[in-house]
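A.B. asks: Take a look at the following structure, please.
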Amino acid sequence: MSTNIVVPSDLTPSTALLSGARNASSTREARSAANTDRSGYTPPTLPDGVVYAESIQDVVEAMKLASAHRVPIVPRGAGTGLAAGASAHAGEVVLDVSRMNRILSIDPVEQLAVVQPGVLNAEVNAAVAEHGLFYAPDPASTAICSIGGNIATNAGGMWCAKYGVTRESILALKVVLPDGRVLQTGRNTIKGVSGYDLNALIIGSEGTLGVVVEATLRLRPRPFQTATVAAFFPDVEHAAQAASAIIAARLQPSVLELMDGPTVEAVDAMMGTTHRSRGGAFLLAQTDGYGAFLEQDVLIEAIKPFATSHERATDETHANDLVTLRRQAIPALERQGTVSIGDIGVPRNRLAEVVAGLEEISARTNVPIYTVAHAADGNLHPMIVMEHGESITSGPAKKALGEMFYLAKSLGGTLTGEHGIGLLKRDWLNDELGQISVDLQHSIRHVFDPLGILNPGKAI
């Protein structure tokens, strides 16, 4: 690390960094495009500039300059985060890694892929599908979110019901530390317990410990067959009870997704479909493997006492149409206003209680709340939709968001299942973790980043 760089008197630290880095810009257009994510939060000021990294060496040099000039750095991938974790303000410089977007290698025998952080999630799956493999983490934004961002938040998605979240699918990482050193974590073997698990520590750290520049992904064989069933219910409480019944039946569906009636209605309005006429809530379930259809039969028996109707997908096109209904929830609600996407988690046997509690919060606060959920792991996304121009980070929206967390906490749950803390949820972090845990995590962060320049104000 360079320590003898002196900032000329006519340059600010940010200007000195931007003038020394490759592919940097301080135009208003560049700063505006890089100052926020998909969370709905708009920072009051713009960052000082953007560095567009195209190689590991670009990231190394940028971090060396940042350390020498004490410039706060905000790492950024595709900008699809939902907690304002990639939002940037005046005095900060964005380090954009979206141009590092190559799949470096695929090993179909070992079932591994090595990728750069800017590769989109869907691009990985398209590439490995040719080898009969798939990459399990699949957020709803799979077509537009990047692997680096998935790693930053330990993202999940629909398939995590059976195959786990990002942490279970990352074997190794290459990370540039705040001082420019390159850290290798993990290994290319499925098992390995040498030393502390720094790989797991980096995953979910929201860009506060280092900048991920390369990842070794664990791939899985594409299932021999998949069976899809959709069910409709009188209301969302019955759908939640059905989801809990599936888990109680000792089934492990590969997908188990819940949507309340208002969300289904929003998708209908966008897609021109009529799903809402079939009930007050929707449940999508998939089972896979050689016994997919045998499991499906058991699953249907589990949900019959709660459902008004159900249908089995007759072919792949039919199944894709049902999956699309779920994947279009967020885009449909974004057409109606500014969306703040919650991310609470509860024990799976408390699903009915939490959806009832969300309805009560909405009625009491007069804040519209639309609910979808990864029901197999108890991770709900209650979405607040405000009129365009209304704040989602203050006033009634923030009050409702806080009440969601306390509802989840009262049921033994958590503030965030997969979107991270970012900037928007820090107010409630201490209440979940406790001061001892928070203090310890601050100490860990200081070991990696003693100058406090990486994504300041976010996560911990």
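A.B. asks: List the residues whose amide H sits under 5 Å from the amide H of Val74, counting only those 5 or more places along or on another chain, with H placed 1.01 Å from N in the peptide plane.
C.D. replies: The list, which skips near neighbours in sequence, is Val93, Val94, Leu95, Asn455.
A.B. asks: So for Met386, Met158, fewest C-beta neighbours within 10 Å to most, what's the order?
C.D. replies: Neighbour counts put them in this order, fewest first: Met386, Met158.
A.B. asks: Next up: Using only helices, what value at 222 nm comes out for the chain when you add -39,500 (n - 2.57) per DSSP H run of length 4 or more and divide by the total residues, to the nearest 500 deg cm²/dmol?
C.D. replies: About -10000 deg cm²/dmol.
A.B. asks: Give the total of Lys-Lys pairs in the chain with Cα-Cα distances below 17 Å; include a pair only if its members are 8 or more places apart or on different chains.
C.D. replies: Lysine pairs satisfying the spacing and distance rule in the chain number 7.
A.B. asks: Could you pull the Rg and Dmax for the stretch 103-221, using just the Cα atoms, both in Å?
C.D. replies: 13.2, 41
A.B. asks: If we count other beta carbons within 10 Å of each Cβ, what is the order of Arg70, Arg250, fewest first?
C.D. replies: Arg250, Arg70
A.B. asks: Ranking Ser194, Ser39 by Cβ neighbours within 10 Å, fewest first, what do you get?
C.D. replies: Lowest to highest Cβ neighbour count: Ser194, Ser39.
A.B. asks: List the GluC sites (Glu not before Pro) within the stretch 344-419 that DSSP assigns to loop and that have no more than 10 neighbouring Cβ atoms inside 10 Å.
C.D. replies: Glu387
A.B. asks: On a C-alpha basis, how far is the centre of the stretch 147-225 from the centre of the stretch 47-113 in Å? Whole number, if you could?
C.D. replies: First find each Cα centre; the distance between them is then 16 Å.
A.B. asks: Express in whole angstrom the spacing between the alpha-carbon centres of the stretch 313-328 and the stretch 355-414.
C.D. replies: Centre-to-centre (Cα) distance: 27 Å.
A.B. asks: Can you work out the Karplus-derived ³J(HN,Hα) for every residue in the stretch 26-43? Use 6.51 cos²θ - 1.76 cosθ + 1.60 with θ = phi - 60°, whole Hz, and x for glycine or proline.
C.D. replies: The phi angles translate into 10, 5, 4, 4, 5, 5, 5, 6, 10, 8, 8, 10, 9, 6, x, 7, 10, x Hz.
A.B. asks: With θ set to phi - 60° and the Karplus curve 6.51 cos²θ - 1.76 cosθ + 1.60, what are the ³J(HN,Hα) couplings of the stretch 138-155 in order, to the nearest whole Hz, using x for Gly and Pro?
C.D. replies: 9, x, 4, 8, 3, 6, 10, 8, 9, 4, x, x, 4, 5, 4, 10, 6, 4
A.B. asks: Taking the Cα atoms of the chain, what is the range of coordinates along each of the three principal axes, in descending order and whole Å?
C.D. replies: 73, 54, 44
Readers should treat all values here as calculations from the given coordinates under stated rules, not as data from a laboratory. Keep in mind that what you see is a predicted model, and the values were worked out from it rather than measured. No Cβ is skipped: glycine too gets one built from the backbone with ideal geometry, and neighbour counts run over all protein chains shown.
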